[in-house]
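Only the coordinates and a few stated rules stand behind these numbers; no lab work does. Note that this is a predicted model, so its numbers are computed, not measured. Note that we place each Cβ from the backbone using ideal geometry, even for glycine, and neighbour counts take in every protein chain shown.
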């Protein structure tokens, strides 16, 4: 049986002997310092498989750092999340609800829109491919957006109607990654008039906070307050199509390739 994840202690000089979580997809997804990870799986998740990799992995840590450390959400604030059905987006929405916020997400299919509302608990969601972005955001946020968690960029960033001093968290810009000539943003003057704070971040700068993140998320996982969906490709032969689907935004949650189950 090939496990989809494993926890092991690595004494690599560059990580100063930190505990490292690895996934069979051949990429390291979590590096945590100062915390023994080998005991919490059974206590927190019982026999659940998959989620303990995704929810507490790089995606979870990215969500925690970006949403709590950069955005400092307050109860009652209005939050918008782009690419909300992705690995980070679905967690941002759930963290926002746990913080008492009103949250709206965008996705690219009707199925994903339904998933956001019916499984992840978003207050509202819409298909960005079928709606006028500015009209949709004004409909859901008639008085403006308090927090925007950015995963897409391009037209989405241009369409924002932010409130005064509302933070924009630049987590990703997947719409721009493969463009030969990336598109620019045309409304940057609004950053001045609305005193908006826009900041990019890299999750590796926050890994010293991984124990604090675990203290926050593990009780919610145990109590069933957090739901996570992974998009799984079966067999190594599925890897090329899986990778293409990731950048075409066809995936839901973390994209995983299971090389073999036995």
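Modelled label-to-label distance, residue 111 and residue 227, 7 Å Cα→beta-carbon offset: nm?
Using points 7 Å along Cα→Cβ, the separation is 1.6 nm.
Tell me whether region 106-203 comes out rounded, prolate or oblate; compute the Cα gyration tensor, take square roots of the eigenvalues as a ≥ b ≥ c, and use a/c under 1.5 as the rounded threshold.
It comes out oblate by the Cα gyration axes.
Measuring from centroid to centroid over Cα atoms, what is the spacing of region 204-244 and region 111-160 in Å?
Computed from Cα coordinates, the inter-centre distance equals 23 Å.
Taking R0 as 35 Å, what's the FRET efficiency between residue 130 and residue 204 from their Cβ-Cβ distance, rounded to 0.05?
Once the sixth-power term is evaluated, E becomes 0.45.
Calculate, in nm to one decimal, what residue 181 and residue 195 gain on full extension: separation in residues at 0.36 nm each, minus their alpha carbon distance.
So the extension gain works out to 2.1 nm.
Extension gain residue 165-residue 261, at 0.36 nm per residue separation less the Cα-Cα distance, in nm?
Result: 29.6 nm gained on full extension.
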